[in-house]
């Protein structure tokens, strides 16, 4: 894009549905996610270390993407942890291709707008990801998708305005080998860059609460071992309806070889928000650097 050219902006697709449409209501909604009984119980705050020279301990996170009244408090557990650490230069959000639009793996070169303002895209990283690998530049694939969009107001809440950039990467479900190739491409491109990885996923869908909890625990066990092959095989082999298995698998593949551990911060389901016979499961996970 030439210097001075007008930047393209991806407009919100699910404001007024998954989260509040106006900024004031959205801020109140997010605050309730943090301070309410299912959230971390405190508003996000910066620790003294967050503005210092210490590197981030959290390399990656996994968060749900349903409507805020249902999954927002679970997601808030991860974002509360992230708020305590230095702000990354870029957040790379791996989303779910629910609509099947566009390429298999698609990045966007557009800035993203929410009711809280605009998040600028990291154009340099977009170009690097879409060159010489399995990722295509395809903003059209992102037009209707909510799984990346719903993470952004949380990021805008915990990080000061203008302090970070983002890259949106849509990941379509496919064979493990292709997701592994994507993960290895990410690892190569991200080498030496200050990038936080964030995979967006819900867990089991529309099951009785007891069965949802059982299957969610089945999926979380290999995830918390940071074993992408075991996670993929279990979710596919046991027909667990974890919608973000593809972005989560790619994220774990990108982290292979990095000394790290996974921390389960919170889990629950939509029936915790209001009574229902069929629920959707959620979890927040942080992947933290360890000495190695």
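The values are calculated or read from the model by the stated rules, or taken from the named source; none is laboratory data. In this text, all values refer to a predicted model and were calculated from it rather than measured experimentally. As a convention, Cβ positions derive from the backbone with ideal geometry for all residues, glycine included, and neighbour counts pool all protein chains shown.
Hey, can you tell me all the residues within region 120-132 that are surrounded by 15 or more Cβ atoms within 10 Å (Cβ to Cβ) and either in contact with a strand residue (DSSP E or B) (Cβ under 8 Å, 6 or more places away or on another chain) or modelled with pLDDT under 95 (or both)?
Hits for region 120-132 are 120, 121, 122, 125, 126, 129, 130.
I'd like the full set of residues that are assigned to a loop (DSSP other than H, G, I, E, B) and within 11 Å of residue 226 (Cβ to Cβ), limited to region 238-289. Write out each step before concluding.
Going residue by residue through region 238-289, those that are assigned to a loop (DSSP other than H, G, I, E, B) are 238-244, 256-259, 273-278.
Those that are assigned to a loop (DSSP other than H, G, I, E, B) and within 11 Å of residue 226 (Cβ to Cβ): 256, 257, 258, 259.
I'm trying to understand the selection: among the residues of region 154-196, which are in a helix (DSSP H, G or I) and within 12 Å of the chain's Cα centre (by Cα)? First the steps, then the outcome.
To start, the set of residues in region 154-196 that are in a helix (DSSP H, G or I) comprises 154-158, 176-190.
Across region 154-196, the qualifying residues are 154, 155.
Can you tell me how many residues within region 215-235 are over 19 Å from the mean Cα position of the chain (by Cα) and touching a residue at least 40 places away in the same chain (Cβ under 8 Å)?
Going through region 215-235 one residue at a time, the tally reaches 3.
Which residues, counting only those in region 216-254, are within 17 Å of residue 283 (Cβ to Cβ) and touching a strand residue (DSSP E or B) at 6+ places or on another chain (Cβ under 7 Å)?
216, 220, 223, 224, 226, 241, 243, 244, 246, 247, 248, 251
Got a sec? Which of 141, 212 is modelled with pLDDT of 95 or more, over 15 Å from the mean Cα position of the chain (by Cα) and surrounded by 21 or more Cβ atoms within 10 Å (Cβ to Cβ)?
On the way: 141 fails: modelled with pLDDT of 95 or more.
The unique qualifying residue is 212.
Inspect all residues belonging to region 249-258 and state whether any of them is loosely packed, with under 15 Cβ neighbours inside 10 Å, over 15 Å from the mean Cα position of the chain (by Cα) and farther than 15 Å from residue 173 by Cα.
Quick first cut of region 249-258, residues loosely packed, with under 15 Cβ neighbours inside 10 Å only: 257-258.
Imposing the further condition that a residue be over 15 Å from the mean Cα position of the chain (by Cα) reduces the set to 257-258.
Checking the rest, the ones that are also farther than 15 Å from residue 173 by Cα come to 257-258.
Checked region 249-258: at least one residue is loosely packed, with under 15 Cβ neighbours inside 10 Å, over 15 Å from the mean Cα position of the chain (by Cα) and farther than 15 Å from residue 173 by Cα.
Looking for whichever is touching a helix residue (DSSP H, G or I) at 6+ places or on another chain (Cβ under 8 Å), modelled with pLDDT under 95 and either surrounded by fewer than 23 Cβ atoms within 10 Å (Cβ to Cβ) or assigned to a loop (DSSP other than H, G, I, E, B) (or both) here; the options are 27, 46, 56. Which one fits?
Details: 27 fails: modelled with pLDDT under 95; 56 fails: touching a helix residue (DSSP H, G or I) at 6+ places or on another chain (Cβ under 8 Å).
The conditions single out 46.
For region 103-137, which positions are part of a loop (DSSP other than H, G, I, E, B) and farther than 19 Å from residue 181 by Cα?
Within region 103-137, the first condition is being part of a loop (DSSP other than H, G, I, E, B), and the residues that meet it are 103-104, 108-110, 115-116, 120, 122, 130-135.
Listed by number, the residues that qualify are 108, 109, 110, 115, 116, 120, 122.
Given (1) in contact (Cβ under 8 Å) with a residue 40 or more places away in the chain; (2) surrounded by fewer than 18 Cβ atoms within 10 Å (Cβ to Cβ); (3) closer than 23 Å to residue 254 by Cα, identify the lone condition not met by residue 165.
Of the numbered conditions (1) in contact (Cβ under 8 Å) with a residue 40 or more places away in the chain; (2) surrounded by fewer than 18 Cβ atoms within 10 Å (Cβ to Cβ); (3) closer than 23 Å to residue 254 by Cα, the odd one out for residue 165 is (2).
Looking at (1) farther than 24 Å from residue 191 by Cα; (2) assigned to a loop (DSSP other than H, G, I, E, B); (3) in contact (Cβ under 8 Å) with a residue 60 or more places away in the chain, find the lone condition where residue 73 falls short.
For residue 73, the failing item is (2).
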